[in-house]
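Bear in mind these aren't lab numbers, they're just calculated from the coordinates by the rules spelled out. Just so we're clear, the structure is a prediction, and the values are computed from it rather than from any experiment. Here the Cβ positions follow ideal geometry from the backbone for every residue, glycine too, while neighbour counts run over all protein chains shown.
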Amino acid sequence: MGLKDFGLHRILIVALAFLAVLVSVGDLNAQTRRKRKSQSAPSVSSPPPSSEPLIISRAEDFPDSETMIVPANQEEKNATASESKDRNTITMEDLGNRIKNLEAGSKRDSDEKQKRLLLNLDILTRSEQRAETLRKQLFEMIEKESAIKTKLDLIENDIRPEAIEKSVAFAGSLRPEELRNMRRKNLEIEKTNLQSLLTEIQRTKANLDQNVQRADILVDKLRNKLEKEIDDALVDDPEKN
């Protein structure tokens with residue numbers, strides 16, 4: 001009996017020791033797991049991706065300590081709007097400058113056209129005056145030619161022998177033959193001079209006639225040109241119609 005009790009007691013001690021070992025191992029494992037959990041960083045769930053990127057401004061940029069979140073696309077929209085405004089401003093300034101240049105160019109062109117029209121009008125007026133002066137000179141030459149021809153006709157009548165005889169008969173001279181010869185010579189000299197003058201007048205008249213014709217042709221050309229330029233100017237500027 002004594003040996004049997006001793007064996008049971010020994011088995012009980014071994015069993016208790018084994019349980020103690022198991023409990024110690026379990027506690028050690030539990031502590032190890034708790035340390036690992038405490039050392040591992042808590043997982044932070046990342047927010048779902050937003051369709052708009054966010055820019056987090058620095059805290060020192062704002063008077064309060066709260067973090068201000070500004071949408072990036074808003075900044076881009078503001079920048080785009082500013083750039084668009086600048087472009088529109090530049091475009092409007094450019095258009096304004098172009099319009100001013102066009103108006104200045106149009107004004108210069110209008111002034112040049114007006115000066116050209118006035119110059120051509122002055123040339124036409126002077127040409128008409130010249131043609132009129134030449135025509136008056138031509139009329140004067142025609143009158144002189146007619147007067148000289150009339151005188152020549154009278155001389156032709158007076159130089160006849162019967163006319164000379166008649167003119168000398170009223171003189172009552174003792175030498176009628178000398179008077180007749182003198183009368184004939186005087187009439188012949190006058191006739192020669194008048195014929196020379198008539199030839200000169202006729203030559204001058206012919207030149208004047210040609211000059212008048214050329215002057216009239218020039219006046220017609222200048223008038224047609226001026227009328228065409230005036231019509232073109234009225235077409236370019238309908239407000240003057």
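Some observations on this one:
- Two-site label geometry, Arg175 and Gln114: point separation in nm, points 7 Å out along Cα→Cβ: 8.4 nm
- Label positions at Leu218 and Glu188, each projected 7 Å from the Cα along the C-beta direction, are separated by 4.7 nm.
- Between Leu197 and Glu162, the modelled labels are 2.9 nm apart [label points 7 Å from Cα along Cα→Cβ].
- With R₀ set to 25 Å, the beta-carbon distance separating Leu152 from Arg126 gives a calculated FRET efficiency near 0.05.
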